[in-house]
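The block underneath contains the structure these notes are about, expressed in structure tokens.
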Amino acid sequence: MEIGAITEYIDVAQVTLYVFWVFFALLIFYIRQEDRREGYPLEADGSGDYNKDPWLFVPTPKTFVLPHGHGEVSVPNDKRDSTDRPVPGEKIGDFEGAPYRPTAENPMLSSIGPGSWAERADTPDLNHEGHAKIVPMRIDSDWAIADGDTDPRGMRVVGCDLIVAGTVKDAWVDRSEQMLRYLEIETEVGSDPRRVLVPMNFVVMKTTRDRERIFYVHAITGEQFAHVPATASDTQITLLEEEKITAYFGAGQLYATPARQEPLV
């Protein structure tokens, strides 16, 4: 027999190939189990029936310990978002994949389309030391606006209709990423003044004809600043609150005015 041969019909290279095939098959099986930890079983869009996968592909529950003492979570757990949070809208047609039309008085709070938000934890995002990552500058003296940069505090904010929504009172910084995340403004619209946060992603600094620097927000109108979702605390923001606030401005790209929902042509 030649070098490497085990018998006249089997050699080391052949055994190695078979071992690799078995390993690769087990790897694919493992990955197909792991990707079913959340979001399964799938739900049919039309009938709402569950597409139950074969029991062989459903993994056994695994417990994850959350950081900073936030407890534990086990998945899969058969929890369905639609159970506690039904869609506040109706389909525009009776066919699979039909988009939803919001039915609420304020569609920007319906969590539909560009305003969708996920059920994230209602706790602040923390850094490695266990402190809140995103805080207003007024409570952290280590942060200041760099020399030569524009201080946003005191500047006016206008909506897409150029109505003044309020004035910037403070800036919220991400202490881990070292950047501005939100502008805190005191509204001048609605029945009562209130403090709301505006994500920096939706803000553009502009200069008026009178050479005044303002913040322009194209996503929503000036009056709609009165209904921006609030935060429970005035010194920190939770992951869930971030989702809802950002979703509100995202929804404004489609629902802020009736014209935005119409075709361009």
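Residue count for the stretch 114-146 under the criterion of being hydrophobic (A, V, I, L, M, F, W, C), buried (at least 16 other Cβ atoms within 10 Å of the Cβ) and under 22 Å from Gly252 (Cβ atoms): the result is 2.
Number of residues in the stretch 90-108 that are free of Cβ contacts under 8 Å to residues at least 40 places away in the same chain, within 24 Å of Glu243 (Cα to Cα) and hydrophobic (A, V, I, L, M, F, W, C): the value is 1.
The rows are residues; the columns are (1) over 20 Å from the mean Cα position of the chain (by Cα); (2) not in a helix (DSSP H, G or I).
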position: Lys206; (1), (2): yes, yes
position: Asp210; (1), (2): yes, yes
position: Phe215; (1), (2): yes, yes
position: Gln224; (1), (2): yes, no
position: Pro229; (1), (2): no, yes
position: Gln236; (1), (2): no, yes
position: Leu254; (1), (2): no, no
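Kindly evaluate Ser111 against the criterion of being outside the structural domain of His218 (by TED's automatic domain parsing) and surrounded by 14 or more Cβ atoms within 10 Å (Cβ to Cβ). Criteria met by Ser111. Could you say whether any residue in the stretch 119-134 is touching a residue at least 12 places away in the same chain (Cβ under 8 Å) and of a type in the set (S, T, N, Q)? Checking the stretch 119-134: at least one residue is touching a residue at least 12 places away in the same chain (Cβ under 8 Å) and of a type in the set (S, T, N, Q).
As for the stretch 176-185, it holds no residue that is at pLDDT 95 or above, over 19 Å from Val135 (Cβ atoms) and assigned to a strand (DSSP E or B). Yes or no: Ser111 modelled with pLDDT of 85 or more, within 17 Å of Leu240 (Cβ to Cβ) and of a type outside the set (Phe, Trp, Tyr)? When the stated conditions are applied, Ser111 passes them.
In the stretch 125-136 there is at least one residue that is in contact with a Pro (Cβ under 9 Å, 6 or more places away or on another chain), in a loop (DSSP other than H, G, I, E, B) and among the basic types (Lys, Arg). Counting only strands (runs of 3 or more DSSP E) that fall entirely inside the stretch 53-95 and contain at least 2 residues that are among the hydrophobic types (A, V, I, L, M, F, W, C), the qualifying elements are 62-65, 72-75. Can you find a residue that is under 30 Å from Arg85 (Cβ atoms), in the same structural domain as Thr238 (by TED's automatic domain parsing), modelled with pLDDT of 95 or more and among the aromatic types (Phe, Trp, Tyr) anywhere in the stretch 205-220? Checked the stretch 205-220: no residue is under 30 Å from Arg85 (Cβ atoms), in the same structural domain as Thr238 (by TED's automatic domain parsing), modelled with pLDDT of 95 or more and among the aromatic types (Phe, Trp, Tyr). Looking across Asp174, Asp149, Asp170, one residue alone is surrounded by 14 or more Cβ atoms within 10 Å (Cβ to Cβ) and more than 25 Å from Leu109 (Cβ to Cβ). It is Asp174.
Pick from Ile145, Ile139, Ile92: which is in the same structural domain as Thr246 (by TED's automatic domain parsing) and farther than 18 Å from Ile237 by Cβ? Write out each step before concluding.
Working: Ile139 fails: farther than 18 Å from Ile237 by Cβ; Ile92 fails: in the same structural domain as Thr246 (by TED's automatic domain parsing).
Only one candidate qualifies: Ile145.
Would you check which residues across the stretch 207-225 are touching a strand residue (DSSP E or B) at 6+ places or on another chain (Cβ under 6 Å) and hydrophobic (A, V, I, L, M, F, W, C) and list them? Answer for the stretch 207-225, where residues must be touching a strand residue (DSSP E or B) at 6+ places or on another chain (Cβ under 6 Å) and hydrophobic (A, V, I, L, M, F, W, C): Ile214, Phe215, Phe225.
Residue-wise test of (1) surrounded by 19 or more Cβ atoms within 10 Å (Cβ to Cβ); (2) within 20 Å of Val173 (Cα to Cα); (3) not β-branched (Val, Ile, Thr).
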residue	(1), (2), (3)
Pro193	no, no, yes
Leu197	yes, yes, yes
Val203	yes, yes, no
Lys206	no, no, yes
Phe215	yes, yes, yes
Ala219	yes, no, yes
Gln224	yes, no, yes
Asp234	no, yes, yes
Leu239	no, yes, yes
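The values are calculated or read from the model by the stated rules, or taken from the named source; none is laboratory data. Because the structure is a prediction, the values reported are computed rather than measured. Using ideal geometry, Cβ is built from the backbone for each residue, glycine included, and neighbour counts are taken over all protein chains shown.
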